[in-house]
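Take a look at the structure below.
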Amino acid sequence: MAAPNDETASASFDFEGRTIPAAPGDTVASALYRAGVRTFSRSFKYHRRRGLYCLSGDCPNCLMTVDGEPAVRTCVLPAVAARRVERGAGWPTADHDVLSILWHLRALMPVGFYYKSMIRPRWLFPIAERVIRRIAGLGEVPRQPSASAKERMNHHPDVVVIGGGIAGLSAATAAVDAGARVILVDEGLIGERIAPGRLRESIDAMRDELLGNPLAVILERATAVGVFEGPLVPVVAENFLHLVHPSRIVVATGALEQHAVFPGNDLPGVWLGRGAAGIAGVHGLAPGRAIVVVANTAEGLDHLDVLRRYARQQRDCQVVAALVPKALAGRVPPGVDVIVDGSVVEALGTRAVRAVVVATGALRRTVACDALVLSLGLEPRDGLLRQAVLEPVLGAGDVVHPGCTAEQAEESGRLTADPRPVSRPPVSTSTITSAPGGDGFVCLCEDVSVKEFKHAWDEGYRSTELLKRYSTVTMGACQGALCHAHLKAFVCERSPESWAGKPTTSRPPARAVRLEDLAAGARVPIEHHTALHDRHLTRGAVMDWAGSWKRPSNYGNLEQEYWAVRKNVSAMDVSTLGKYRVAGPDATALLERIYPCNVSDLKPWRSRYALLLNEAGYLFDDGLVCKLGDGSYYVTFTSSGGDAAESWLREWADHWGLRVHIANVTAARSAINVAGPRARELLRLLSNDPTDAQAIPYGGLREMVVSGVRCLTIRVGFVGEVSYELHHASRQSETLWDSLFNAGRALDMWPHGLDTLKLLRLEKGHVLIGQDTDFDTTPAKVALDFAVKMDKPDFVGRTALQRLATLPRERSLLPLTFTGRRAPEEGAQLFDNGTHVGNLTSSRFSPTLGCGVALGWIRHAVGAPPTRVTARDTLGDCEGVITKGPFYDPTGERLRA
Amino acid sequence: MPSIQRTHAAVVACYASAAALDSLPAMPNAYSCRVAPDELWLIAPPELLAETERHAAEYCARTEPTALVLDQSDGWVTFTLRGTEGLWILAQLSAVPLPATRPAFVQGAVAGGAAKLLLLDGVIHVLVPCTLRHHLAARFQDVCGSVFISSTETPLITDQRTSTSASRLSTPVLR
Amino acid sequence: MALKVTCPHCGAREYTEFWFGGEGLSHASSGAQSAERLEEDFRRVWLKTNAAGVQVERWFHHAGCRRWLEIKRDTLTNDFHGRA
């Protein structure tokens, strides 16, 4: 929608092909009304015509699709903000809707009918779904995200005041006077719905003073969506989702006029008092030619005045009758046909109101009219107040004292700044006490009538909660603003149980809000990059997600990468590994008890492959433990587990009361793995430090300077070739990488990415935590029990493993080879003579071995596991053999060279 | 167009007992920021890295030889936001409440990453793990529409008067 | 949900800055091996109290100080009752 720049400029918008001019100050609804539109929507279930009713954004009657967005309240949207408006329902048009026949078929659609009738035949479901979606509903949800996405803005005021009427302004003013930081939010522009006069002047004055106060922030055209735990009040505005984190909340959302329930109460031409007074007094349009006014309150008399004045000036309409209670009868000026103590029994008409049946005592009278204006009393607009069950919330003004005067509202706003401790919000008082009789629509949003309430009651749904769920009353756009009180009154009148009639839970959102808006600023996932990220991009790497990292999957030529590692030399960026320094008096004690392997016998400058088990004995991470010369440790974890490893180490250090220093150096240290039969040759070109098997044996580590970069070099063995993992300062990563590849040109060096790594490690039979393991994998099941020393007195998971050892093993991860034309897909299911025995977790074709190699879970049947299996994937079957691993370099000769 | 400067700062992390860290003498050109009871960072201009490391190491050798002093400078990148514009940018990327006092040290999530905020007069230094430098830059672009982020780093400037008194945000008392 | 957890080092932060570490101190005891200890550890790891009311629990402030905190929370009202 367009941003409203100049409120006083005229504009026009397109309405279903017509151009509708807008006068200054028009809302979309008033402009349409001015142009003669009387049917503003078709109701949800029965497709009844609906006209303007509340003109305050509380009822569903004026909801239309504006600029592609459905269910927009056109009675509060400025006309200048709209370009294209259309009604949501109605076929072929809302004016002539074929589906209005549904009203005449209502006997076939009683309350809850879909629970009973829409069961068979099942083949009808997909068709029925499409049809019902088109028939019911308020319009099409746009499939594309909007062009301009919102961002979020966090605020931390002391107080947030929701509602910029006299009570809200007064509360905000009292709060800033007490030195608090305040945010005041209002759905529209402050004061825009108040007619010029004394009240409007005070409102404008208060607003201007707040605008000049540095402690106050005013957000207009900002809708508070709900009151959440925290407390948190999200406010949706034009460009931002404002997340307000206040210490206290004041709700001053006011009240709306009571919705009246009687047969014909939803016909176009039936207005709430403020609606009719608004259309006449503010927009200068007649609510009808012959108007009947029902004024039960002093405010109602004010509306009557406004209408009479309008009628006198414009001479295009007339107030034909006024229903007032005896107490107010004396205040009606002469010239109006006053009916004392009368009540509306029925509104007659088909397309619109044409007459009203009034009862006074036992007498009935039919008054011809085309507009019925109802001012029966005020109902608090308390949805937000009722949401705040546990939060520090106060109400002020009409929302807690419906019908109070302006002075009373101002006073109640001022009282909210009282520094008393706030606990529970006050229960707001409803003014509706008598249940709806006869018939009539209780819920305009969902087309729920009194008759349906009675049917539901007869069926046994006898509380507000049950009636609500069964009939869907209060579940529509108004969220109970019009109908909740009637629901309660209906139940209270019929049920002696106090719990049955309790208010239903008010839940956010209080107003319709786009999911896209709620996700403002939170759509972007965290993306970690290594220090070599730009280098990978320059080399044309295909980058992909690996956990929360972006890593190179490959550099465009898998074959080249693979053979570089197996025949010459290659390098891989492994900076994503979790890396920690562990030092302090109890460092050895901590690691000895956290890892299932021996740590205390680790000599300086030696490393050991280590598993991490949780207390249930399940494997969840792996890595290296390295002992440094000064007695401290350098430990690594997998890329995805690295972040959580810190919490694991600290948890146990805390629990055992150990004095350790744990420093997360994952970001500060980068690592490059140089691997291949010519790796040593390459390093000799770049370093004066020795790299032979004696200086750094397999599993050893050493400090070296490579191309001027200080590296902790660890001899590792993940891929089955001689490998040196160079751990260095991240700031020097690019320098090191560049020099390695410059010198490596002579050795036919290529980098390798994750795709190649996964193949290389599979050939070596290495298990990938998370891919080959499940959440409940113990080391023995994946042949990693060599890394578990059960004779150690204690380590995390030891007692669980002890317990599990007494149970029979159900399945194991075993190596398999496939000699057919291709390797099966990962995830392929395994069968032994037709019996399902397992699945493949890793599977690739090995260029070196010329066959498929895989790891798979095989169930232990009675006796030994099968020797041959069939792997079935989406492309067919492959025959495989269960072998002993590793497939490549089984003796570890190449690795330990 | 708003502009965000990238700052080069030395970060020396000291891991020792709470008692030892409580008494670590302040340095005239470094901010003492208490990350946790057993972890304290000295944030200083980059040219003072060696001196700062030495200051910490010597103190630890005297008082607690088992303490660990590490140069963590490489692990963090610093984006420097200025003035009300800086606060406006930060409010869109972080729900962490900022104290009114200056200087101040605050820890919490910024754009989803674990950040440390060094709040000085009119300036906020946002330190995030260096693995998130592209992510933060992208998010700054998102919230500003267009913003100029310096491609080179400027050395951290410290205020001698205030640097010695900076400490971590005072602990809220839990009942 | 916008639950705020108060970290004693850093202050009140949204719960998304933390990892929830479970109720109580769920660790296995150290000491001699015995059949009783096996059962005790099993119960402590797998059988949780899941109290409807105030419970002691652990949170890890991963976006801030990266330390564990132990606090008391009422699971019915989400009121925090300070450090455990």
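For residue B:40, are the conditions met, namely being under 18 Å from the mean Cα position of the chain (by Cα), farther than 16 Å from residue B:105 by Cα and buried (at least 19 other Cβ atoms within 10 Å of the Cβ)?
no
With respect to residue A:367, determine if the residue is aliphatic (A, V, I, L, M), surrounded by 22 or more Cβ atoms within 10 Å (Cβ to Cβ) and modelled with pLDDT of 90 or more.
No: the conditions fail for residue A:367.
How about the stretch B:71-87: which of its residues are more than 10 Å from chain A (Cβ to nearest Cβ) and either under 14 Å from the mean Cα position of the chain (by Cα) or part of a helix (DSSP H, G or I) (or both)?
B:78, B:79, B:80, B:81, B:83, B:84, B:85, B:86, B:87 - these are the residues of the stretch B:71-87 that are more than 10 Å from chain A (Cβ to nearest Cβ) and either under 14 Å from the mean Cα position of the chain (by Cα) or part of a helix (DSSP H, G or I) (or both).
Report, by residue number, each residue of the stretch A:121-163 that is polar (S, T, N, Q), in contact (Cβ under 8 Å) with a residue 24 or more places away in the chain and away from chain B (no Cβ under 14 Å).
Matches in the stretch A:121-163: A:146 only.
Looking for something in contact (Cβ under 8 Å) with a residue 12 or more places away in the chain, small (Gly, Ala, Ser) and over 30 Å from residue A:240 (Cβ atoms) - is there at least one such residue anywhere in the stretch A:100-110?
Scanning the stretch A:100-110 turns up at least one residue that is in contact (Cβ under 8 Å) with a residue 12 or more places away in the chain, small (Gly, Ala, Ser) and over 30 Å from residue A:240 (Cβ atoms).
Just one of B:39, B:47 is more than 30 Å from residue A:152 (Cα to Cα) and more than 14 Å from chain A (Cβ to nearest Cβ); which is it?
Of the residues listed, the single one that is more than 30 Å from residue A:152 (Cα to Cα) and more than 14 Å from chain A (Cβ to nearest Cβ) is B:47.
Report yes if some residue within the stretch A:715-726 is crowded, with 17+ Cβ neighbours inside 10 Å, outside any strand (DSSP E or B) and polar (S, T, N, Q); otherwise report no. So that I can check it myself, show each step before the final result.
Applying the first criterion (crowded, with 17+ Cβ neighbours inside 10 Å) to the stretch A:715-726 yields A:715-726.
Going one step further and asking which of them are outside any strand (DSSP E or B), we end up with A:717-722.
Then drop every residue that is not polar (S, T, N, Q), which leaves none.
No.
For the stretch A:82-134, enumerate the residues that are charged (D, E, K, R) and touching a strand residue (DSSP E or B) at 6+ places or on another chain (Cβ under 7 Å).
A:83, A:84, A:86, A:87, A:97
Within the stretch A:786-827, how many residues turn out to be of a type in the set (S, T, N, Q) and either within 11 Å of another protein chain (Cβ to nearest Cβ) or in contact with a His (Cβ under 6 Å, 6 or more places away or on another chain) (or both)?
3
Would you check if there is a residue in the stretch A:115-122 being under 32 Å from the mean Cα position of the chain (by Cα), within 15 Å of residue A:452 (Cα to Cα) and not in a loop (DSSP other than H, G, I, E, B)?
yes
Only residues that are within 34 Å of the chain's Cα centre (by Cα) and modelled with pLDDT under 75: list them for the stretch A:424-458, please.
Scanning the stretch A:424-458 gives A:424, A:425, A:426, A:427, A:428, A:429, A:430.
For the stretch A:253-270, does any single residue satisfy the condition of being farther than 30 Å from residue A:386 by Cβ, away from chain C (no Cβ under 14 Å) and free of Cβ contacts under 8 Å to residues at least 40 places away in the same chain?
No, there is no match, as no residue in the stretch A:253-270 is farther than 30 Å from residue A:386 by Cβ, away from chain C (no Cβ under 14 Å) and free of Cβ contacts under 8 Å to residues at least 40 places away in the same chain.
May I ask you to list the residues in the stretch A:306-336 that are on the phi > 0 side of the Ramachandran plot and in contact (Cβ under 8 Å) with a residue 24 or more places away in the chain?
Once the filter is applied, which keeps residues that are on the phi > 0 side of the Ramachandran plot and in contact (Cβ under 8 Å) with a residue 24 or more places away in the chain, the stretch A:306-336 yields only A:335.
Since residue B:105 meets every condition but one in (1) outside any helix (DSSP H, G or I); (2) surrounded by fewer than 20 Cβ atoms within 10 Å (Cβ to Cβ); (3) more than 7 Å from every other protein chain (Cβ to nearest Cβ); (4) in contact with a strand residue (DSSP E or B) (Cβ under 9 Å, 6 or more places away or on another chain), which condition does it not meet?
(2)
So which residues in the stretch B:22-42 are touching a Ser or Thr at 6+ places or on another chain (Cβ under 9 Å) and free of Cβ contacts under 8 Å to residues at least 24 places away in the same chain?
B:37, B:38
Within the stretch B:65-87, track down each residue that is under 28 Å from residue B:1 (Cβ atoms) and either crowded, with 22+ Cβ neighbours inside 10 Å or in contact with a Leu (Cβ under 9 Å, 6 or more places away or on another chain) (or both).
Correct list: B:76, B:77, B:78, B:79, B:80, B:81, B:87.
Of everything in the stretch A:515-529, what is touching a residue at least 24 places away in the same chain (Cβ under 8 Å) and more than 7 Å from chain B (Cβ to nearest Cβ)? Give them in sequence order.
Residues satisfying the conditions are A:516, A:517, A:518, A:520, A:522, A:523.
If you check B:68, B:90, B:136, which single one turns out to be closer than 16 Å to residue B:35 by Cβ, within 14 Å of chain A (Cβ to nearest Cβ) and at pLDDT 95 or above?
It is B:68.
Tell me the residue from A:347, A:355 that is within 22 Å of residue A:439 (Cβ to Cβ), surrounded by 17 or more Cβ atoms within 10 Å (Cβ to Cβ) and in contact (Cβ under 8 Å) with a residue 60 or more places away in the chain, please.
A:347
What residue, among those in the stretch A:818-854 that are among the aromatic types (Phe, Trp, Tyr) and within 27 Å of residue A:721 (Cα to Cα), is surrounded by the most Cβ atoms within 10 Å (Cβ to Cβ)?
Per the criteria, the residue is A:818.
Those residues that are in a helix (DSSP H, G or I), under 30 Å from residue C:76 (Cα atoms) and of a type in the set (A, V, I, L, M), I need them from the stretch A:365-420; list them, please.
A:384, A:385, A:399
Take residue A:804 and tell me if it is in contact (Cβ under 8 Å) with a residue 24 or more places away in the chain, surrounded by fewer than 19 Cβ atoms within 10 Å (Cβ to Cβ) and not in a loop (DSSP other than H, G, I, E, B).
Numbers: in contact (Cβ under 8 Å) with a residue 24 or more places away in the chain: yes; surrounded by fewer than 19 Cβ atoms within 10 Å (Cβ to Cβ): yes; not in a loop (DSSP other than H, G, I, E, B): yes.
Here the answer is yes, as residue A:804 does meet what is asked.
Residue under question is residue A:210, and the condition is that it be assigned to a helix (DSSP H, G or I), out of contact with any Gly (no Cβ under 7 Å at 6 or more places or on another chain) and closer than 30 Å to residue B:145 by Cβ; does it hold?
So residue A:210 fits the description; yes.
Looking at the stretch A:76-98, can you tell me whether even one residue there is of a type in the set (Val, Ile, Thr) and free of Cβ contacts under 8 Å to residues at least 12 places away in the same chain?
Yes, the stretch A:76-98 has at least one match.
Mind listing just one residue for me: the one in the stretch A:825-848 that is in a loop (DSSP other than H, G, I, E, B) and farther than 23 Å from residue A:566 by Cβ and, of those, farthest from the chain's Cα centre (by Cα)?
The residue in question is A:833.
Checking residue A:756 against (1) of a type outside the set (Asp, Glu); (2) under 45 Å from the mean Cα position of the chain (by Cα); (3) away from every other protein chain (no Cβ under 14 Å); (4) surrounded by fewer than 23 Cβ atoms within 10 Å (Cβ to Cβ): exactly one of these is not met. Which one?
(4)
So, in the stretch C:39-83, of the ones that are buried (at least 16 other Cβ atoms within 10 Å of the Cβ) and at pLDDT below 85, which residue ends up farthest from the other protein chains (Cβ to nearest Cβ)?
The residue in question is C:44.
To keep it simple, each residue is scored yes or no on (1) under 25 Å from residue A:716 (Cα atoms); (2) at pLDDT 95 or above; (3) of a type outside the set (A, V, I, L, M, F, W, C).
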{"site": "A:798", "(1), (2), (3)": "no, no, yes"}
{"site": "A:811", "(1), (2), (3)": "no, no, yes"}
{"site": "A:821", "(1), (2), (3)": "no, no, yes"}
{"site": "A:861", "(1), (2), (3)": "no, no, no"}
{"site": "A:894", "(1), (2), (3)": "yes, no, yes"}
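The values are calculated or read from the model by the stated rules, or taken from the named source; none is laboratory data. None of the values given here were measured: they were computed from a predicted structure. Note that each Cβ is placed from the backbone with ideal geometry, even for glycine, and that neighbours are counted across all protein chains shown.
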